[in-house]
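The values are calculated or read from the model by the stated rules, or taken from the named source; none is laboratory data. As the structure is a prediction and not an experimental result, all values here were calculated from the model. FYI the Cβ positions are ideal-geometry reconstructions off the backbone, even for glycines, and counts take in every protein chain you see. Quick note on the areas: whole protein, heavy atoms, side chains included, nothing else; ligands and nucleic acids left out. Shrake-Rupley method; radii C 1.70, N 1.55, O 1.52, S 1.80 Å.
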Amino acid sequence: MPDFNRPHLIAVNGIELAVYEAMPATQVQRWPVILCHGMPELAYSWRHQFAPLVAAGFHVIAPDIRGVGNSQVLPNKEDYTLQARLDDMCGLLDHYGYEKGIFIGHDFGGTIVWGMGIYHQDRVAGLCACNSPFADMPMNPLDLYNMLYGPTNYFAYFQTQACEDKFNEDPARTFRFYLRRDTGKGTNLSRSRAHDAESIGHVHWIHDDESTWPGEVLLNDAELAHYADAYRKTGFGPALNWYRCLPLDYEYQKQALPDGLPKITVPVLAVGSELDFIAAYHFYDLLDGYCTDWEKTLIPNAGRWTQQENPEALNQVLVEWLLRLPSVSFMPRM
């Protein structure tokens, strides 16, 4: 399994990505599994998935997405568009000599998964989105969130320097704020345990006394330090830039796909979690309009951080789905 303190540094798409990988010693499945983390996270968030996916025969590749962890930090907001991140993923496939990959994304890593299905379906053998429902925005996402949830929504606050400064002030505290387990009264992501304006404005509670935060910290001290040390080095600005580029991503979509989104015809697995109330499981029911071959599943006893809260259940679901993909077949390792 990879050492998350010793990444492979790989040149792709004009930048250097930190990549963590593992593969079987003998036979390997035809296509690799690419694991795309969310925000505020790292490739390290997939540490519990490597062993079972490799045991199932897959070459597993997890990058730190551009700007965070040990990957290169770029200077401009525009360096973090969805198209740039998709080109990074295609570059990873090219680097390892694969025509296609199976992309699994969590949280904002789901934008990469869905983006690969929309813009680069020829490079995709299967897609899985965890805690990341598909979204076909009818207007600029920032304007839409302001209209639906008011000006205190987290999309809006993520645009500000004040938010970036608060996150950077104490990275360990920021991770204690976000990576929490629901013990019955919600978490900072949704104290109401509903998808409502209060929950969509959750980020402002980071200014409150820590004793008021519901739930419990999901991470042990070593895990928390791994995240905090990484973001202390890069700051949270690059990860926030993924959100700050949403209007640019929307404008690109309108220009590139003026007649609407294409159907995603590759197999899709949509994974929701019982206690994730922002990316609620029922939102996946919209996929009928966008995917031709999809299924969904619900992970019990997990909230937003599925792969770390209930890894055993998620791993079982992922392996069973992966081994049912029609394009999966063993190839001898060269």
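Summary of values
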{"item": "q = 0.14, 0.15, 0.16 Å⁻¹: log10 I(q)/I(0) that the Debye formula gives for region 93-198, counting C-alpha atoms only", "result": "-0.80, -0.90, -0.98"}
{"item": "Distance histogram in 10 Å bins (all Cα pairs of the chain, percent per bin)", "result": "6, 27, 38, 24, 5, 0"}
{"item": "Proximal lysines to Lys254, defined as alpha-carbon separation beneath 18 angstrom and excluding residues fewer than eight positions away on the same chain", "result": "Lys263"}
{"item": "Per-residue [θ]222 nm for the chain (sum of -39500 (n - 2.57) over DSSP H runs n ≥ 4, rounded to 500)", "result": "-10000 deg cm²/dmol"}
{"item": "Sulfur and carbon atoms: percent of accessible area, the chain [1.4 Å]", "result": "50 percent"}
{"item": "For region 244-249, 3J(HN,Hα) per residue [Karplus equation, 6.51 cos²θ - 1.76 cosθ + 1.60, θ = phi - 60°, Hz, x = Gly/Pro]", "result": "5, 8, 4, x, 5, 5"}
{"item": "Angle in degrees between helix 109-119 and the longest Cα principal axis of the chain, rounded to the nearest 10", "result": "50 degrees"}
{"item": "With Cα atoms, 0 to 90° folded angle of helix 221-234 axis to the chain main axis", "result": "90 degrees"}
{"item": "Which listed pairs, of Lys77/Lys233; Lys77/Lys296; Lys77/Lys166, have C-alpha distances above 23 Å, in listed order", "result": "Lys77/Lys296"}
{"item": "Percent antiparallel among DSSP beta bridges (both partners in region 177-334, rounded to 5)", "result": "30 percent"}
{"item": "Degrees between helix 311-324 axis and first principal axis of the chain (Cα, 0 to 90, nearest 10)", "result": "40 degrees"}
{"item": "Rounded to the nearest 20 debye, dipole of region 104-262 from Cβ charges on Lys, Arg, Asp, Glu", "result": "160 debye"}
{"item": "Cβ-defined net charge surrounding Leu219, 11 Å radius [Lys, Arg +1; Asp, Glu -1]", "result": "-1"}
{"item": "Net charge contributed by nearby residues that have their C-beta within less than 14 Å of Asp288 (K/R +1, D/E -1)", "result": "-2"}
{"item": "Residue among Asn70, Met147, Leu93 farthest towards the positive dipole end of region 68-166, charges placed on Cβ", "result": "Met147"}
{"item": "3J(HN,Hα) from dihedral phi, region 269-281, Karplus parametrisation 6.51/-1.76/1.60, rounded to Hz, x for glycine, proline", "result": "10, 10, 10, x, 10, 4, 10, 9, 9, 7, 9, 5, 3"}
{"item": "Translational D in µm²/s for region 1-43 (Stokes-Einstein at 25 °C, 0.890 mPa s, Kirkwood Rh from C-alpha pairs)", "result": "199 µm²/s"}
{"item": "Computed accessible area, Thr183, all protein chains, 1.4 angstrom probe, square angstrom", "result": "90 Å²"}
{"item": "Mean shadow area of region 271-317, taken as a quarter of the surface of its Cα convex hull (nm²)", "result": "3.3 nm²"}
{"item": "Percent of beta bridges antiparallel (DSSP, the chain, rounded to nearest 5)", "result": "40 percent"}
{"item": "Span per principal axis, largest first, for the Cα atoms of region 214-334 (Å)", "result": "46, 42, 38"}
